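One structure, as structure tokens, below. Some questions next.
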Amino acid sequence: MPETHAMRKYHFLLAFLVVVMDRLAKTLVAAHIALHDSIVVIPGFFSLTHVENRGAAFGLFDSAPGSWKIAILVAFSILALLVVTALLWKDSHELNPTGIGLSLILGGALGNLWDRLVHHHVVDFLYFYRGRYHWPAFNVADSAIVVGAMLLVAEILLARDEPIESE
């Protein structure tokens with residue numbers, strides 16, 4: 001492996017760890033919490049709630065009819081995985097926020113794709129609410145994707161303009 005890509009293994013290890021944590025959490029939830037049941041962790045704020053999401057992130061398109069939905073979600077996931085993997089492969093010479101963000105997105109996308117291919121739904125279980133306000137349930141993979149995207153946005157917004165050197 002060339003020296004410029006010595007950090008590549010750490011990026012892919014991080015993505016792998018996200019997949020493992022996501023699979024473990026979803027397996028435990030499915031085994032120990034009945035579908036649509038909850039375990040209150042912080043009363044009035046946070047519960048572990050077992051739901052099956054047949055749509056996209058945060059339940060988007062969950063109630064959309066047709067078998068096309070799974071095919072489109074799987075195709076979109078595969079396309080995203082190819083793009084993220086190519087970006088990681090190309091720019092993996094240091095452990096920076098961009099590489100970490102891409103690794104988190106890769107691991108999260110793989111975790112949810114696994115569920116869609118094997119079960120035709122994604123297990124969500126992290127449920128935050130306050131009074132009548134609530135956030136749709138999500139999972140470890142979704143969290144990794146959001147944190148990864150936030151790292152990429154922060155990199156873009158906080159990027160310093162470096163002067164172009166003339167020859």
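Can you find, within the stretch 23-50, the residue that is surrounded by the most Cβ atoms within 10 Å (Cβ to Cβ) among those that are in contact with a Leu (Cβ under 8 Å, 6 or more places away or on another chain) and without any contact (Cβ under 8 Å) to a residue 60 or more places away in the chain?
Within the stretch 23-50, the match that is surrounded by the most Cβ atoms within 10 Å (Cβ to Cβ) is I39.
Of the numbered conditions (1) surrounded by 14 or more Cβ atoms within 10 Å (Cβ to Cβ); (2) modelled with pLDDT of 90 or more, W135 satisfies every one except a single condition; which is it?
All conditions are met except number (1).
Could you grab the pairs with beta carbons closer than 7 Å, sequence gap of 6+ or different chains, first residue in the stretch 3-22 and over 17 Å from T85 (Cβ atoms), second one modelled with pLDDT under 85?
Taking only residues 6 or more apart or on different chains, the pairs are T4/H93.
If you don't mind, there's one more thing I want to ask. Tell me, yes or no, whether the stretch 44-64 has at least one residue that is more than 20 Å from G111 (Cα to Cα), modelled with pLDDT under 85 and part of a helix (DSSP H, G or I). So that I can check it myself, show each step before the final result.
Just the residues of the stretch 44-64 that are more than 20 Å from G111 (Cα to Cα), to begin with: 44-47, 63-64.
Okay, now just the ones that are also modelled with pLDDT under 85, so 63-64.
Of the ones still in play, those that are also part of a helix (DSSP H, G or I) are none.
Scanning the stretch 44-64, I find no residue that is more than 20 Å from G111 (Cα to Cα), modelled with pLDDT under 85 and part of a helix (DSSP H, G or I), so the answer is no.
Going by the conditions given, is L87 surrounded by 20 or more Cβ atoms within 10 Å (Cβ to Cβ) and over 30 Å from G44 (Cα atoms)?
Against the criterion (surrounded by 20 or more Cβ atoms within 10 Å (Cβ to Cβ) and over 30 Å from G44 (Cα atoms)), L87 does not qualify.
If we keep just the residues of the stretch 75-102 that are not small (G, A, S) and not in a helix (DSSP H, G or I), which is modelled with the lowest pLDDT?
To start, the set of residues in the stretch 75-102 that are not small (G, A, S) comprises 76, 78-79, 81-85, 87-91, 93-98, 100, 102.
Restricting the remaining residues to those that are not in a helix (DSSP H, G or I) gives 91, 93-96.
Details: D91: 73, H93: 70, E94: 76, L95: 81, N96: 87.
Here the residue is H93.
Given the options D124, D142, D115, name the one that is in contact with a Pro (Cβ under 8 Å, 6 or more places away or on another chain) and buried (at least 19 other Cβ atoms within 10 Å of the Cβ).
Details: D142 fails: in contact with a Pro (Cβ under 8 Å, 6 or more places away or on another chain); D115 fails: in contact with a Pro (Cβ under 8 Å, 6 or more places away or on another chain).
Going through D124, D142, D115 in turn, just one is in contact with a Pro (Cβ under 8 Å, 6 or more places away or on another chain) and buried (at least 19 other Cβ atoms within 10 Å of the Cβ): D124.
The values are calculated or read from the model by the stated rules, or taken from the named source; none is laboratory data. On a predicted model such as this, the values are computed, not experimentally measured, just so you know. For neighbour counting, all protein chains shown are included, and Cβ atoms are generated from backbone atoms with ideal geometry for every residue, glycine included.
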